[in-house]
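Mind having a look at this structure? Questions to follow.
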Amino acid sequence: MVDAVQPAIRLDVVIIGAGISGLAVAIETALSGHHVVVFESAEGIHEIGAGINVSPNASRILQRWGLPAEMWTSATEPTSLSVRRYSGEILVLEREFDTKMRARYDAPFIELHRVDFQTALYTRAKELGVEFRFGMRISKLNYETGEITSHTGLSAKGDVVIAADGLWSVCRAQFLPKDFEGVPRPTGDLAYRLVLTLDQIQDPELREWVSKPSLDVWIGPHSHAVGYSLRGGTEFNIVLLVPDDLPNGISKQAGSVEEMRALFTGWDPILTKFIAVADSVKKWKLMHRKEMRRWVYASSNSNFAFLGDSCHPMLPYLGQGANSAIEDGAVLGRLLGHIQNKEQIGKALEMYEQLRKPRGDAIVKETFAQRDVFQVVDGPKQRERDELLLSQLNEEEKHAPFPIRLVCPQVQPWLFGYDACAEVDKAVSKDPFVVAKNEKTEPSLDKRGIAAGS
Ligand SMILES: Cc1cc2nc3c(=O)[nH]c(=O)nc-3n(C[C@H](O)[C@H](O)[C@H](O)COP(=O)(O)OP(=O)(O)OC[C@H]3O[C@@H](n4cnc5c(N)ncnc54)[C@H](O)[C@@H]3O)c2cc1C
């Protein structure tokens with residue numbers, strides 16, 4: 001069911017980037033009744049062939065958006081979540097994970113193929129009247145006038161300009177001076193990503209594993225692995241997280257399957273048998289960025305906002321990068337539905353930042369903390385971790401703080417229980433957008449936060 005607010009005026013909203021964050025904010029903004037144009041540098045919607053976890057904090061939003069039924073049919077719902085030591089010993093096992101998620105959060109935890117997911121978001125955005133300009137790389141932004149210019153020299157202007165251009169954001173680079181901002185930095189880890197289809201898998205044990213969807217994590221020294229089924233149990237997604245050995249300046253490269261297999265020699269035979277099936281693989285350097293001081297900028301002539309990886313890239317160790325981007329999109333789009341005149345856009349952006357930035361920045365930190373737990377080397381710290389996990393193996397309710405955050409009774413409700421629409425509605429009822437004569441939200445300080453940070 002689509003429950004959207006309708007604004008008193010229709011804004012022109014320009015979005016840069018048609019990744020998950022750009023599509024998310026496009027959908028919610030169009031649902032709020034505004035005219036939306038998305039500029040995307042690629043020639044079409046391009047997602048890589050890999051899986052994605054969509055947790056209840058985001059699936060709750062997707063349920064509202066009226067996405068095509070095909071997406072929901074292709075989704076897989078893991079019936080268990082397990083964490084194993086790299087030898088294969090089970091340390092954490094959440095049975096009936098699917099049922100628990102729905103009961104606790106009234107929304108499912110699902111696994112999607114990224115192609116299916118992005119196709120569904122794009123289809124819905126088109127249905128809602130969002131316009132797409134493909135093959136348009138935005139190379140220049142004027143933060144004072146609100147004008148953006150493509151590499152071909154085409155210019156556009158919006159009442160609101162939204163930067164959804166990912167980790168290597170040009171918008172971000174031009175928002176902040178180079179010496180202040182810097183560039184994406186290596187986290188020290190890289191990901192091997194592979195998707196296997198049932199046709200490739202002969203081993204009956206592996207075939208059964210794929211056809212009974214579960215979410216499995218193997219943790220070991222300096223590395224870990226995540227596996228889950230896709231497309232109704234006909235494909236298997238594996239991500240292997242290992243120390244980064246890609247040269248500086250290379251963020252993505254074809255990997256060697258032999259090298260990948262060697263890194264996991266001696267790990268759980270189930271995992272190594274899956275890895276053995278792969279005949280090609282890609283390596284992705286995992287990058288992060290300095291925390292951004294501000295996510296919004298408003299002047300008398302322009303209004304800018306950042307979302308998704310452009311402002312909070314994170315390690316994928318809680319599977320939250322895209323989920324957070326969907327939350328961002330829902331909050332920003334819904335807030336824009338409340339404004340009654342253009343002068344209130346600045347206020348909506350301020351509220352967006354207040355609602356989203358503390359949470360986004362906190363999740364980033366949690367992803368690094370989770371790495372420290374997953375990738376501990378064998379020794380006293382690892383034994384202490386394993387003893388704690390094993391001491392609660394058979395307990396239905398874990399005790400906080402539980403080091404595996406996705407099942408921790410404190411962290412899980414904070415992550416999965418978040419309700420973007422409710423957060424907006426609560427904030428707006430506390431501080432309503434009432435029309436006052438000559439009302440204007442003046443930009444406060446330097447919205448880029450430079451003065452505060454330097
Ligand atoms: C191994 C791995 C596993 C992950 N697993 C999960 C998971 O399970 N769950 C989860 O929630 N997240 C996961 N993530 C994170 C998630 O993929 C990202 O956070 C998310 O895709 C970011 O979306 P985005 O739209 O902000 O950025 P992007 O996906 O980078 O999209 C940016 C878009 O902008 C376009 N663009 C860039 N520059 C310009 C320009 N100048 N002009 C016009 N267009 C431009 C690009 O072509 C692209 O289409 C994972 C990440 C990795 C690396």
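The values are calculated or read from the model by the stated rules, or taken from the named source; none is laboratory data. All figures in this text were calculated on a predicted structure; none of them were measured in a lab. Heads up, the Cβs are rebuilt from the backbone with ideal geometry, glycines too, and the neighbour counts pull from every protein chain shown. Heads up: the accessible areas ignore ligands, DNA and RNA and are worked out on the full protein's heavy atoms, side chains in. Shrake-Rupley method; radii C 1.70, N 1.55, O 1.52, S 1.80 Å.
Within 10 Å of each candidate Cβ there may be at most 12 other Cβ atoms; applying that plus a DSSP loop requirement, which trypsin sites (Lys or Arg not before Pro) in the stretch 1-103 survive?
The qualifying sites are R10.
Taking a cut-off of 22 Å, what percent of all Cα-Cα pairs in the stretch 260-350 are separated by more than that?
Roughly 53 percent, once rounded to a whole number.
Carbon and sulfur together cover what percent of the accessible area of the stretch 107-241 at a 1.4 Å probe radius?
On the stretch 107-241, the fraction of accessible area on carbon and sulfur atoms equals 53 percent.
Based on the inverse mean of 1/r over its pairs of different Cα atoms, what is the Kirkwood hydrodynamic radius of the stretch 95-192, in Å?
17.6
While we're on this one: With the full set of protein chains in place, find how many percent of the accessible area of the stretch 27-99 is carbon and sulfur; take the probe as 1.4 Å.
Using a 1.4 Å probe with all protein chains present, the stretch 27-99 comes out at 50 percent carbon and sulfur.
Let me ask something additional. Quick check on packing: order 22-29, 143-150, 160-167 by the mean number of other C-beta atoms within 10 Å, highest mean leading.
Peptide ranking by packing, descending: 22-29, 160-167, 143-150.
Turning to a different aspect of this structure: In deg cm²/dmol and to the nearest 500, what is the mean residue ellipticity at 222 nm of the chain if only DSSP H runs of at least 4 residues count, each as -39500 (n - 2.57), divided by the residue total?
Computed mean residue ellipticity for the chain: -10500 deg cm²/dmol.
Give me the dipole magnitude in Debye, nearest 20, for the stretch 266-396 about the Cα centre, with unit charges on the beta carbon: positive for Lys and Arg, negative for Asp and Glu.
Dipole magnitude for the stretch 266-396 comes out near 680 debye.
Subtract the Cα-Cα distance of V37 and K282 from 0.36 nm times their separation in residues, and report this length gain in nm to one decimal.
Roughly 84.9 nm would be gained on extension.
I want the antiparallel fraction of DSSP beta bridges within the chain, as a percent rounded to 5.
If we restrict to bridges inside the chain, about 70 percent are antiparallel.
Quick one: compute the contact order of the stretch 287-399, relative version, from alpha carbon pairs under 8 angstrom and 6+ residues apart, as a percent.
RCO, the stretch 287-399: 26 percent.
To one decimal place, what Kirkwood hydrodynamic radius in Å is obtained for the stretch 200-241 from all pairs of distinct Cα atoms?
10.9
Given a 1.4 Å probe, how much area per residue of the stretch 248-290 is accessible, in Å²?
So the stretch 248-290 comes to 52 Å² accessible per residue, rounded to a whole number.
Pairs of alpha-carbon atoms within less than 8 angstrom and 6+ residues apart define the contacts here; what relative contact order does the stretch 133-188 have, in percent?
25
Test of understanding: express the Cα radius of gyration of the stretch 1-131 as a ratio to 2.2 N^0.38 Å, with N the residue count.
Ratio of Cα Rg to 2.2 N^0.38 Å: 1.24.
Just how large is the dipole of the stretch 141-200 about the Cα centre, in debye to the nearest 20, putting +1 at every Lys and Arg Cβ and -1 at every Asp and Glu Cβ?
Roughly 120 debye for the stretch 141-200.
Once Rh for the stretch 177-248 is found with the Kirkwood sum over Cα pairs, what is the Stokes-Einstein diffusion coefficient at 20 °C and 1.002 mPa s, in µm²/s?
149
Something else now. Return the Rg/Rh ratio of the stretch 307-441 with Cα-based radii and a Kirkwood Rh.
Taking Rh as the inverse mean 1/r over Cα pairs, Rg/Rh reads 1.13.
Now for a separate question. To check my understanding: the extent here is largest minus smallest coordinate of the Cα atoms along each principal axis. What are those three numbers for the stretch 3-77, in Å, largest first?
40, 31, 19
I've got another one for you. On the first, second and third principal axes, largest extent first, how far apart are the outermost C-alpha atoms of the stretch 79-125 in Å?
Here the spans come out as 44, 27, 11 Å, largest first.
If we sort 104-116, 187-199, 380-392 on the protection proxy, mean other Cβ atoms within 10 Å, highest first, what's the order?
Descending mean neighbour count gives 104-116, 187-199, 380-392.
On each of the three principal axes of the Cα atoms of the stretch 304-366, give max minus min coordinate, whole Å, ordered largest first.
Ordered largest first, the stretch 304-366 gives principal extents of 41, 15, 15 Å.
Just want to confirm a number: the relative contact order over the chain, from Cα pairs under 8 angstrom separated by 6+ residues, in percent.
Result for the chain is 21 percent.
Between S300 and D378, what length comes free when the chain is fully extended (0.36 nm per residue of separation minus the Cα-Cα distance, one decimal in nm)?
Value of the extension gain: 22.3 nm.
Send over a whole-number figure in Å² for the accessible area per residue of the stretch 116-159, probe 1.4 Å.
Accessible area per residue, the stretch 116-159: 47 Å².
Taking amide H positions as placed 1.01 Å from N in the peptide plane, with prolines and chain starts having none, which residues 5 or more places from A18, or on another chain, fall under 5 Å of its amide H?
S41
Shape of the chain from its Cα gyration tensor (a ≥ b ≥ c, root eigenvalues): rounded if a/c is under 1.5, otherwise prolate when a/b > b/c, or oblate?
Cα axes put the chain in the prolate bin.
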